[in-house]
Each structure stands twice: as structure tokens, then as C-alpha cells.
Amino acid sequence: MVTFANGKTIKTITVIGGRTQFQNAVRETLEIRATCDETSFEELKALYTDSEALSEIEVNDGSGGQSLQLNFTLPVELSLKDIDGEQLWCMKLAQKSALEIAQEQQAAEINDTQLALIELAGMIGGEDNG
């Protein structure tokens, strides 16, 4: 079973970790497999396209084992596959690098600074100096 950051839970058949070449980098991956009767394409698509929901994925193996997977926010594949004669939804996600996360944080900080400067300029320019 996997639980996403938005609280959505999906009963899974298996979750497979791996590595793949994606967007010019070798990345850690998670492939989440679920039966067709456990979830729908629309439900998976909503998760697959929601980076906030994918930012934290809790994996429970059903035997007491749990893990928390962070930053698997890059969608690689969402498909229906025939695996050993069973139709399974397969959602493959890649992990962002520490550098990519730091760059996103820096961009957000720059944006916040720019907005503060615009607000300050509005306050200064709006004063009656006469």
C-alpha cells in the first residue's frame, strides 16, 4: 500500500525501486503497480500530475515494513501492462536531484524578494513627497 502526501492511499501489488536514464541524468525510480480493480486511470493520472502529492510517498509492504520516499516528482510512465497474465496499472516516477531541489528553492526565494521589492517600490512611489 502507498500513501501520498495529499493523503490518497492506493492498495498496490508491488513497489519496485530502480534506476533509469531520464532527462539527461541517471535517476532513482519507483514503479508502483496496482490492479485495475483497485484504482482507475483517472485517479492515477490525478496523482501522476500532482508534484505536491508525489513529494512524499509512504510505502507499507503489508508485513510491518514501511519506508518514506521523498521527491519522486518526475513522471516517467503511466500505463496499463500485462504482467504475468494480469492487467496492472504501472506508474513510474523518477526522483529529483538535490541540485534541482536547491535550484527550485532558490528560484522561489528570488521570486519572493522581487515581490517584496515591487511592494516596497509601490509604497515609496505612492507617498506624497510635496
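Here the Karplus curve 6.51 cos²θ - 1.76 cosθ + 1.60, taken at θ = phi - 60°, turns the phi angles of region 36-43 into couplings of 4, 7, 8, 7, 10, 4, 4, 5 Hz, with x standing for Gly and Pro. Peptides 73-82, 99-108, 36-45, ordered by how many other C-beta atoms sit within 10 Å of their residues on average, highest first, read 73-82, 36-45, 99-108. Charge dipole (Cα centre; +1 on Lys/Arg Cβ, -1 on Asp/Glu Cβ; no other charges) of the chain amounts to roughly 520 debye. Only alpha carbons enter this Debye calculation for the chain, each as an equal point scatterer, and the log10 of I(q)/I(0) it gives at q = 0.09, 0.15, 0.18 Å⁻¹ is -0.38, -0.75, -0.98.
Considering only the other residues whose Cβ falls under 11 Å of the Cβ of L68, what net charge follows from Lys and Arg at +1 and Asp and Glu at -1?
Charge balance near L68 sits at -2.
For L117 and T35, the difference between the fully extended length at 0.36 nm per residue and the C-alpha to C-alpha distance is 24.4 nm.
Neighbours of K11 by Cβ distance under 10 Å: Lys/Arg scored +1, Asp/Glu scored -1, total -2. Which one, Q21, F41, A116, projects farthest toward the positive side of the charge dipole computed for the chain from Cβ point charges (K/R +1, D/E -1)? With unit charges placed on the Cβ atoms, the residue in question is Q21.
Here the extension length gained between E28 and E43 equals 3.0 nm, from 0.36 nm per residue of separation less the Cα-Cα distance.
Ellipticity at 222 nm from helices only: DSSP H runs of n ≥ 4 in the chain, each -39500 (n - 2.57), divided by the residue count, give -10000 deg cm²/dmol.
No lab work stands behind these numbers, since they all come straight from the coordinates. Keep in mind that this is a model prediction, so the values were computed, not measured. Quick reminder, even Gly has a Cβ in these numbers, built from the backbone with ideal geometry, and neighbours come from all protein chains shown.
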